[in-house]
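Novice: The structure follows.
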Amino acid sequence: MWVFLVTEIMFFGGLFCGYAIYRGMYLPAFEVGSRILEVKFGATNTAVLIGSSLTMALAVHAAQTGKRKALMIFLVVTMVLGMVFLGIKFTEYVHKWNEFLVPGLRFAPTEGIPAGTSLPHVELFFCFYFFMTLVHALHMVIGLGILTTLLILAYKNRFSKTYFAPVEVAGLYWHFVDIVWIFLFPLLYLIGGRYPHG
Amino acid sequence: MAEHAEHIVPVKTYVIIFLSLLFLTGLTTGVAYIDLGPFNTVAALAIAVIKMLLVILFFMHVKYSPKLTKLVIVAAFFWLALLLTFTMADEFTRNWSPIPNNWGPSISAPAPRMQ
């Protein structure tokens with residue numbers, strides 16, 4: 001599992017690297033784009049995802065100690081938190097659509113763009129925003145599928161104190177996806193100079 | 001991955017890590033509203049790295065994992081560091097030389113990308 005996660009580190013690492021390059025090239029436009037994002041969504045989602053990581057860790061703990069009922073409860077809570085995350089993410093996408101901030105399809109922002117900002121480069125920022133968050137959300141959806149499978153297996157009483165590797169491995173995956181968001185949140189939402197200028 | 005003589009992390013540890021992660025999320029959000037110049041990015045990245053380490057070491061049990069697992073992870077991050085370091089070293093040192101060259105835009109006529 002760790003070897004798979006290593007490939008995932010390289011995959012997301014490449015995206016972050018690309019983002020860093022273009023951010024360095026078009027810093028002013030990327031900072032404008034970053035300030036348009038709504039911190040409340042990003043921060044709430046960070047907290048939700050950290051909470052889901054806690055319940056996932058507790059699910060693994062329940063599996064290790066052979067507590068089937070607790071395992072199932074924690075799996076369900078983790079899935080609910082994962083769906084809350086995706087719900088908030090979806091709401092945020094709807095906001096972006098209504099604010100004409102979807103590159104390619106509907107991009108004509110009016111608010112929050114200081115004079116002299118290079119719009120195509122703000123659009124590029126939103127390309128990165130959508131691609132990186134969508135790939136992350138896809139990982140979340142896959143994670144929900146894995147947890148559903150675990151829940152069914154736990155219901156069928158397939159796990160025991162000596163056999164819980166699937167739960168543990170799914171936990172690793174879930175925490176990894178959490179870590180990706182831990183980096184996405186500050187890099188996309190926070191470092192665009194949100195303090196008052198001048 | 002399936003060694004069964006595993007260290008079982010107490011629930012209390014998980015809760016402490018969870019609270020620390022929430023605190024750090026609040027901290028990174030708060031710091032973003034204070035003008036620290038270039039250190040805003042440094043602070044955001046430093047806090048993110050601390051949060052990552054907490055998740056990896058405790059939630060992902062790496063603190064209690066065999067050395068081979070640790071080696072695989074360190075190797076992965078080393079590789080990622082190579083990618084980032086050399087890309088950034090290239091990006092941020094372009095057009096530093098005042099000597100005009102013949103293979104690209106000179107500093108007297110900066111490339112559009114440097115605007």
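The values are calculated or read from the model by the stated rules, or taken from the named source; none is laboratory data. Remember, predicted model here, so these are calculated numbers, not experimental data. Please note: Cβ atoms are built from the backbone with ideal geometry, for glycine as well, and neighbour counts cover all protein chains shown. Heavy atoms of the whole protein, side chains included, go into the accessibility calculation; ligands, DNA and RNA do not. Shrake-Rupley method; radii C 1.70, N 1.55, O 1.52, S 1.80 Å.
Novice: Among A:Ile179, A:Ile152, which is the only one that is buried (at least 21 other Cβ atoms within 10 Å of the Cβ) and without any contact (Cβ under 8 Å) to a residue 60 or more places away in the chain? I'd like the intermediate steps shown before the answer.
Specialist: Numbers: A:Ile152 fails: buried (at least 21 other Cβ atoms within 10 Å of the Cβ).
Residue meeting the stated conditions: A:Ile179.
Novice: For residues in the stretch A:16-42 being in a helix (DSSP H, G or I) and of a type in the set (Ser, Thr, Tyr), which is surrounded by the fewest Cβ atoms within 10 Å (Cβ to Cβ)?
Specialist: Residues of the stretch A:16-42 that are in a helix (DSSP H, G or I), as a first pass: A:16-25, A:27-36, A:39-42.
Subsequent filtering for residues that are of a type in the set (Ser, Thr, Tyr) retains A:19, A:22, A:34.
Numbers: A:Tyr19: 21, A:Tyr22: 18, A:Ser34: 22.
It comes out as A:Tyr22.
Novice: Ok, one more. Exactly one of these conditions fails for B:Ile17: (1) facing chain A (nearest Cβ under 7 Å); (2) at pLDDT 95 or above; (3) open to solvent by less than 40 Å² (accessible area, probe 1.4 Å). Give me its number.
Specialist: Condition not satisfied by B:Ile17: (1).
Novice: So B:Val49 ticks every box in (1) touching a helix residue (DSSP H, G or I) at 6+ places or on another chain (Cβ under 6 Å); (2) at pLDDT 95 or above; (3) not hydroxyl-bearing (Ser, Thr, Tyr) but one. Which box is left unticked?
Specialist: With respect to (1) touching a helix residue (DSSP H, G or I) at 6+ places or on another chain (Cβ under 6 Å); (2) at pLDDT 95 or above; (3) not hydroxyl-bearing (Ser, Thr, Tyr), B:Val49 is out only on (1).
Novice: Among the residues of the stretch A:155-176, which ones are assigned to a loop (DSSP other than H, G, I, E, B) and open to solvent by 10 Å² or more (accessible area, probe 1.4 Å)?
Specialist: Step one: list which residues in the stretch A:155-176 are assigned to a loop (DSSP other than H, G, I, E, B), which gives A:156-164.
A:Lys156, A:Asn157, A:Arg158, A:Phe159, A:Ser160, A:Lys161, A:Thr162, A:Tyr163 - these are the residues of the stretch A:155-176 that are assigned to a loop (DSSP other than H, G, I, E, B) and open to solvent by 10 Å² or more (accessible area, probe 1.4 Å).
Novice: Further, regarding this structure: Pick from A:Tyr155, A:Tyr163, A:Tyr195, A:Tyr173: which is of a type outside the set (Val, Ile, Thr) and within 22 Å of the chain's Cα centre (by Cα)? Spell out how you get there, then give the answer.
Specialist: Numbers: A:Tyr155 fails: within 22 Å of the chain's Cα centre (by Cα); A:Tyr163 fails: within 22 Å of the chain's Cα centre (by Cα); A:Tyr195 fails: within 22 Å of the chain's Cα centre (by Cα).
Result: A:Tyr173 is the single residue among A:Tyr155, A:Tyr163, A:Tyr195, A:Tyr173 that is of a type outside the set (Val, Ile, Thr) and within 22 Å of the chain's Cα centre (by Cα).
Novice: Which ones in the stretch A:109-131 are assigned to a helix (DSSP H, G or I), open to solvent by 40 Å² or more (accessible area, probe 1.4 Å) and over 16 Å from A:Glu92 (Cα atoms)?
Specialist: Here is the first cut: in the stretch A:109-131, the residues assigned to a helix (DSSP H, G or I) are A:119-131.
Still in the running and open to solvent by 40 Å² or more (accessible area, probe 1.4 Å): A:119-120, A:123-124, A:127, A:131.
Once the filter is applied, which keeps residues that are assigned to a helix (DSSP H, G or I), open to solvent by 40 Å² or more (accessible area, probe 1.4 Å) and over 16 Å from A:Glu92 (Cα atoms), the stretch A:109-131 yields A:Leu119, A:Pro120, A:Glu123, A:Leu124.
Novice: Same structure again: Of the residues in the stretch B:53-70, how many are open to solvent by 20 Å² or more (accessible area, probe 1.4 Å), of a type outside the set (D, E, K, R) and at the interface with chain A (Cβ under 10 Å from one of its Cβ atoms)?
Specialist: Kept after step one, since they are open to solvent by 20 Å² or more (accessible area, probe 1.4 Å), are these residues of the stretch B:53-70: B:53-54, B:57-58, B:63-70.
Imposing the further condition that a residue be of a type outside the set (D, E, K, R) reduces the set to B:53-54, B:57-58, B:64-66, B:68-69.
With at the interface with chain A (Cβ under 10 Å from one of its Cβ atoms) added as a condition, the list becomes B:53-54, B:58, B:65, B:68-69.
So the answer is 6.
Novice: What residue, of B:Met1, B:Met88, is at pLDDT below 95, open to solvent by 60 Å² or more (accessible area, probe 1.4 Å), under 26 Å from A:Val6 (Cβ atoms) and within 9 Å of chain A (Cβ to nearest Cβ)?
Specialist: Numbers: B:Met88 fails: open to solvent by 60 Å² or more (accessible area, probe 1.4 Å).
So the residue among B:Met1, B:Met88 that is at pLDDT below 95, open to solvent by 60 Å² or more (accessible area, probe 1.4 Å), under 26 Å from A:Val6 (Cβ atoms) and within 9 Å of chain A (Cβ to nearest Cβ) is B:Met1.
Novice: Only one of (1) more than 10 Å from chain B (Cβ to nearest Cβ); (2) closer than 21 Å to A:Asn98 by Cα fails for A:Phe11. Which number is that?
Specialist: Of the numbered conditions (1) more than 10 Å from chain B (Cβ to nearest Cβ); (2) closer than 21 Å to A:Asn98 by Cα, the odd one out for A:Phe11 is (2).
Novice: Which number in (1) in a helix (DSSP H, G or I); (2) in contact with a Lys or Arg (Cβ under 7 Å, 6 or more places away or on another chain); (3) in contact (Cβ under 8 Å) with a residue 40 or more places away in the chain marks the one condition that A:Gly66 misses?
Specialist: (1)
Novice: With A:Ala20, A:Ala57 as the choices, which residue is within 11 Å of another protein chain (Cβ to nearest Cβ) and at pLDDT below 95? Please lay out each step first, then the result.
Specialist: Values: A:Ala57 fails: at pLDDT below 95.
From the options A:Ala20, A:Ala57, the qualifying one is A:Ala20.
So that you can scan it fast, the table gives a plain yes or no per residue for (1) farther than 30 Å from A:Leu147 by Cα; (2) hydroxyl-bearing (Ser, Thr, Tyr):
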{"site": "A:Leu5", "(1), (2)": "no, no"}
{"site": "A:Phe12", "(1), (2)": "no, no"}
{"site": "A:Leu27", "(1), (2)": "yes, no"}
{"site": "A:Gly51", "(1), (2)": "no, no"}
{"site": "A:Thr55", "(1), (2)": "no, yes"}
{"site": "A:Met83", "(1), (2)": "no, no"}
{"site": "A:Leu86", "(1), (2)": "no, no"}
{"site": "A:Phe100", "(1), (2)": "yes, no"}
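Novice: If you don't mind, another one. Take the residues in the stretch A:68-106 that are among the charged types (D, E, K, R) and crowded, with 16+ Cβ neighbours inside 10 Å; name whichever of them is modelled with the lowest pLDDT.
Specialist: Within the stretch A:68-106, the subset among the charged types (D, E, K, R) is A:68-69, A:89, A:92, A:96, A:99, A:106.
After this cut, where a residue has to be crowded, with 16+ Cβ neighbours inside 10 Å as well, the list is A:89, A:92, A:96, A:99.
On the way: A:Lys89: 97, A:Glu92: 95, A:Lys96: 93, A:Glu99: 89.
Applying the filter and picking the extreme gives A:Glu99.
Novice: Could you grab me the full set of residues in the stretch B:42-51 that are crowded, with 19+ Cβ neighbours inside 10 Å and not small (Gly, Ala, Ser)?
Specialist: B:Ile47, B:Lys51, listed by residue number.
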